[in-house]
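Asks: If you scroll down you'll find the structure; I have some questions about it.
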DNA sequence: AACAACTTTCAGTATTTCCTGAAAGTTCTG
DNA sequence: CAGAACTTTCAGGAAATACTGAAAGTTGTT
């Protein structure tokens, strides 16, 4: 003799479970790609929440300290994945995530390029420079390999720039879906 | 009254410095992308070394323990980025890296797809499934967002599959270089 | 079978990375 | 200006991750 339809609280519970799983999983994924777990979790939480959240909301939902929430929110704002919202008449700051997945994708590409690919290219060039004058076989091999890597990264940098031009965030899904067939 | 040309040992020193810097830097890059530093360093070392190296060579060069060297070499072999070489008449195992940057790239894409993207898609689908029946506004929003992410990842998975087809590792550089202009 | 050459494992430890919480800082309000 | 509301910082502690080294395992040789 169970109720014919699930109660509201049962439904709310199920939803909460799914949300929690999503948040946890996004955190795990983050780690795999070199992003701190909490930052990824906050991002996940904001992505699936319609209303903007305060630092306290986030602290409560994820059970993390104020400092942790604060720092990671700043990071996310720094990446451009989250923006802060201020409501008239309220002193508290609220946060909301960019929800468009293609825009997210472009932002992430742009930032990764800037933070990791470009510096790596610079270092590679430094290495290449330093052995330029040398001409042992080992130096030759080193030079060849680092140059190949450098060229590769420059190509990647350039291709990614084109892919991530923000104006194209409407064209991109289209083009890639086509490629994906 | 310094020597007119640098001595061999001076040259060797310079090369060693450049190699060390490259290895260190590749390690740092690894961390940024969620790869353990030592694993990336071993990979770097093997990439810039022509002759295959033994575990002992690597231990010595990077000043790491046998266990560490061993485990990370196995990981690299598991990724397919390094293969082991056995020389006739020698019992020791040697290792060499795939040196072709485009092949490397394809391998990494394939493995990341398999290890991270595909499991993530599966989890997302699970989440979507669980809230399918629910119909509150919040459930609706959650569903919409997770579906968008899921679709995105499936597209990415598919595009990457095409990009990383091994047969194309000659076409790929060409195509991407064109795109990069 | 005994030994040598080499590989593998893993408990304990070191290192890195992340998080907490409380104190100090800032901005607003009456 | 005093106090409330909120944000920021960061020293010290906790947790996650990676590493060591030695012992056990494997394979080949005499």
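A short reminder: the numbers here are calculations on the coordinates, not readings from a lab. Just so we're clear, the structure is a prediction, and the values are computed from it rather than from any experiment. Note that each Cβ is placed from the backbone with ideal geometry, even for glycine, and that neighbours are counted across all protein chains shown.
Asks: Please give the length that would be gained between residue A:24 and residue A:109 if that part of the chain were fully extended, namely 0.36 nm times their separation in residues minus their C-alpha to C-alpha distance (nm, one decimal).
Replies: On the way: separation 85, 0.36 × 85 = 30.60 nm, distance 2.30 nm.
Result for the pair: 28.3 nm of gain on full extension.
Asks: Report, as an integer, the average count of C-beta atoms from other chains found within 10 Å of each Cβ along A:91-103.
Replies: Values: counts 0, 0, 0, 0, 0, 0, 1, 0, 5, 1, 8, 3, 0.
Taking all residues of A:91-103 together, the mean is 1.
Asks: Take peptide B:138-145, look around each residue's Cβ out to 10 angstrom, count Cβ atoms belonging to other protein chains, and average those counts. All intermediate terms of the calculation are to be shown ahead of the outcome.
Replies: Values: counts 9, 6, 1, 6, 8, 3, 3, 9.
Across B:138-145, the average partner-chain Cβ count within 10 Å equals 6.
Asks: Below 8 Å between Cα atoms, with a sequence gap of 6+, how large is the relative contact order for region A:101-180 in percent? Kindly include the intermediate steps, with their values, before the conclusion.
Replies: Details: 40 pairs, mean separation 40.4, N = 80.
Computed value for region A:101-180: 51 percent relative contact order.
Asks: Based on the Cβ-Cβ distance from residue A:86 to residue A:51, what FRET efficiency comes out when R0 is 25 Å, to the nearest 0.05?
Replies: Result of the calculation: an efficiency of 0.95.
Asks: For the protein assembly as shown, max minus min Cα coordinate along each principal axis, in Å, sorted largest first?
Replies: 90, 49, 42
Asks: Take every residue in peptide B:154-165, count the Cβ atoms of other chains within 10 Å of its Cβ, and give the average of those counts.
Replies: Values: counts 2, 8, 3, 1, 5, 7, 1, 1, 3, 1, 0, 0.
Rounded to a whole number, the mean comes out at 3.
Asks: Another question about this same structure. Roughly how tilted is helix B:171-180, in degrees to the nearest 10 and between 0 and 90, from the longest Cα axis of chain B?
Replies: Approximately 80 degrees, to the nearest ten.
Asks: By how many degrees, between 0 and 90 and to the nearest 10, does the Cα long axis of helix B:101-112 differ from the longest principal axis of chain B?
Replies: 40
Asks: Neighbour counts of other C-beta atoms within 10 Å: give me B:82, B:123, A:163, B:171 arranged from fewest to most.
Replies: With the fewest neighbours first, B:82, B:123, A:163, B:171 line up as B:171, A:163, B:123, B:82.
Asks: Something else: Which order do B:57, A:100 fall in if you start with the one that has the fewest other Cβ atoms within 10 Å? Let's see the in-between values first.
Replies: On the way: B:57 18, A:100 14.
Listing B:57, A:100 from fewest to most nearby Cβ atoms yields A:100, B:57.
Asks: Right, something else. Return, ordered by residue number, the residues of region B:104-127 whose backbone nitrogen is under 16 Å from a label point located 7 Å along Cα→Cβ of residue B:147.
Replies: Answer for this model: B:124-127.
Asks: Sort A:141-147, B:130-136 for me by packing, meaning the mean count of neighbouring Cβ atoms within 10 Å per residue, highest on top.
Replies: Working: A:141-147: 18.6, B:130-136: 14.9.
Answer by packing, highest mean first, reads A:141-147, B:130-136.
Asks: Provide the convex hull volume over Cα atoms per residue for region B:101-180, in Å³. Working shown, then result.
Replies: Numbers: hull volume 7.2 nm³, N = 80.
About 89 Å³ per residue, rounded to a whole number.
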